[in-house]
Amino acid sequence: MAKIGYNEEKSYIPTIATMIVLFWATLIIFASWYYRDDVFQTIYDPGTPFQTYTPPPAPDYTQAKAWLLRPDIDTDPIDIAGGDVFVIAPTLYLGRQHWNAPTQDVKVQINLKRIALPNYILPYQSAGRVYAPNYRQASLYSFLNNRDDAQTSQRFAYADIKRAFEIFLDENPPERPIILVGHGQGGLHVQRLLSEYFRGPLKQKLAAAYSIDHPLPLDRFETEFPELSPCETVRHTNCVIAFGAFEPKETTRAHMFLNKTLVWSGSKLRAVQERPLLCINPLLWSRSTEPAPARLHLGGVAAEGLDIDMLPAPSPQQTGAQCQNGILRIDKPKQKSLRRPSRFGGKFRTSPSNLFYEDLRVDVARRVQLLIDKNVLPRRAPLLDMQTIEIEDSPVTLPLKPVQK
């Protein structure tokens, strides 16, 4: 009996130890999951104050390599249909080593070409020539807090955008309409371009501006760009479109969007703090708060890694949408590849898909053509196809003397 008891007592020892290990492992996993947002921010904190930080070299926008996409500037656009589109890519650089993305970094370039180019830049080729600068974008970390360093990083990124935009304006002929597009961080910078450039004559050239997935307070139409207005209908031009889309369970993202996200106030940045926001439903192309059914959805695309010459096939009728309290509430997309990834930090990262790809592609082309049809921009005659005509030499013959009567 003593021997059996000894064996039983000995067999309990590893069982208790295993339970203790499992308890602490479970506790660590739960704590990591519960504080995953804080962990994500901690990992990607650059650590160095921006004041002592050495930023990456500036892109030279007179050179083709400083652009993710740029038309052939040696080709006269007179025979190229549409207008000129200036697209600002969303945030793909996470942080850790830099406050602002090094444009020469191979990994950064791979991500931009793998995700940003096919999903957030190429669809706008439907409207004409596309310019997309490769800029020193502020890191994702700088958008997860309101530190002075983070704000300086965002202002630093805009300085690149401004230099690139002035090159764009130099190459934009008077007769070609302008489209501005920005996703995520790009939407933030589009809003400042509107406030600094689109007053007076240039306003007449703006077919539409799209600030997507970045809040746009309605009061900015009175203070920052009073000559512009929201796009109220599908046939409206010289106007602005903005929306931030959220699935039903994305409460944390929606709260940050409505309260903590920074927006421009002149050259300064300040939090939204529940100011009323512009929401244009991309299924209705109006500010209506009525729900739009999924049958109106033209199609989303998960075009990660596609070559520049490949056109993705959009997946239609994936979601319904409704503007509610300044944000776009969407149904959970039917196709998994069009949903926000659930990986570590996924709620903050730029999605490798564009849920409203086809809706946006069709709309930009339509608004450019609407502005062209209004005949408010100058027209340029097509270039004459000059042909060289060879003339054979021939002797000069003097006129005959008049016959005397």
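The numbers here are math on the coordinates, done by the rules we state, and not lab data. On a predicted model such as this, the values are computed, not experimentally measured, just so you know. All Cβ positions, even for glycine, are placed from backbone atoms using ideal geometry, and neighbour counts span all protein chains on display.
Rounded to the nearest whole Hz, the Karplus-based 3J(HN,Hα) values (6.51 cos²θ - 1.76 cosθ + 1.60, θ = phi - 60°) of the range 111-116 follow the sequence 5, 5, 6, 7, 10, 5, with x at glycine and proline. Each other residue within a Cβ distance under 11 Å of G83 adds +1 if Lys or Arg and -1 if Asp or Glu, for a net charge of +2. Identify the residues of the range 125-168 with backbone N under 20 Å of a label point that sits 7 angstrom from the Cα of S265 along the Cα-to-Cβ direction, or state none. Under 20 Å, as judged by backbone N against the label point of S265, lie 143-156, 158 of the range 125-168. Relative contact order for the range 36-373: 19 percent, from Cα pairs under 8 Å spaced at least 6 residues apart, divided by residue count.
Segment M310..L218, full-extension length gain: 29.3 nm, with 0.36 nm per residue of separation and the alpha-carbon distance subtracted.
Distance between the 7 Å Cα→Cβ label points at D105 and D170: 2.9 nm. Under 5 Å from the amide H of A242 lie the amide H atoms of S211, I280, each residue being 5 or more positions distant or on a separate chain, with H modelled from the backbone and absent for Pro and chain starts.
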